[in-house]
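Every number here is computed from the coordinates shown, using simple stated rules; none is lab data. Model, not experiment: these values are computed from the prediction. Here the Cβ positions follow ideal geometry from the backbone for every residue, glycine too, while neighbour counts run over all protein chains shown.
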Amino acid sequence: MTAILEEEQQLEVSELVASARLGDHQAISELYDRFYGLVMSIARDRLGDWHEADDLCQDAFFQAFRKLDQLQCDAAFAGWLQQIVVRMAINKAVRRARLANIDQEILANTLIDEGEVFEDAVRSEEAKRVWEGLARLRSVDRETLVAFYIDGQSLLEMSDRFAAPVGTIKRRLHTARARLAKECEILI
């Protein structure tokens, strides 16, 4: 019985996608309504912020409907949309600036040393190269590095998150670091 319902829902999704591809605004609206909860859930889990997730949601649907003719199997719309959301969330998280609270009194009393300015510029340029290298990596490499180095997840936490043994996570980290190093060399 459940398989029949799933098959009917897939058929409906296929029909909606086909209509949306032809510009049917009602079909587009129906797809949006049907998959908004899923997209929002993924975005919120990845970004941790409701407002950013909502913005990402809108952008993801816009991208999906704009690139609808790239979808090869209309029944696979849900999975394809999930991939778009995950990819966009990763990109947003990587680009998101880490804000630090700076006490204005400390800031006012800080002396600027010309040597420090140069060193800061060099560090900033190196950081830019690393971020550009990260953006060029495959998603699994990027996600692994971001989870470990930026999100500060332990190997055990990453094992749970990626549903993989700790040994596999260690190998992924090693491989991803090597690929990032190569990408950073290319950028020099």
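State the dimensionless ratio Rg/Rh of segment 131-182 (Rg: radius of gyration of Cα atoms; Rh: Kirkwood radius). Please list the in-between numbers first.
On the way: Rg = 10.2 Å, Rh = 10.8 Å.
We get a ratio of 0.95 for segment 131-182.
Grab the Cα-Cα distance for V94 and R34, subtract it from 0.36 nm times how many residues apart they are, and report the gain in nm with one decimal. Intermediate results must be reported in sequence, preceding the final value.
Values: separation 60, 0.36 × 60 = 21.60 nm, distance 2.86 nm.
Gain on stretching V94 to R34: 18.7 nm.
Once the piece of chain linking W131 and Y149 is laid out straight, how much longer is it, given 0.36 nm per residue of separation minus the C-alpha distance between them?
Values: separation 18, 0.36 × 18 = 6.48 nm, distance 1.24 nm.
Length difference between fully extended and current span is 5.2 nm.
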Set the Förster radius R0 to 22 Å, insert the Cβ-Cβ distance between A164 and R87 as r into 1/(1 + (r/R0)^6), and round the FRET efficiency to 0.05. 0.65
Taking the alpha-carbon set of segment 2-95, what are its Rg and Dmax in Å? 13.5, 43
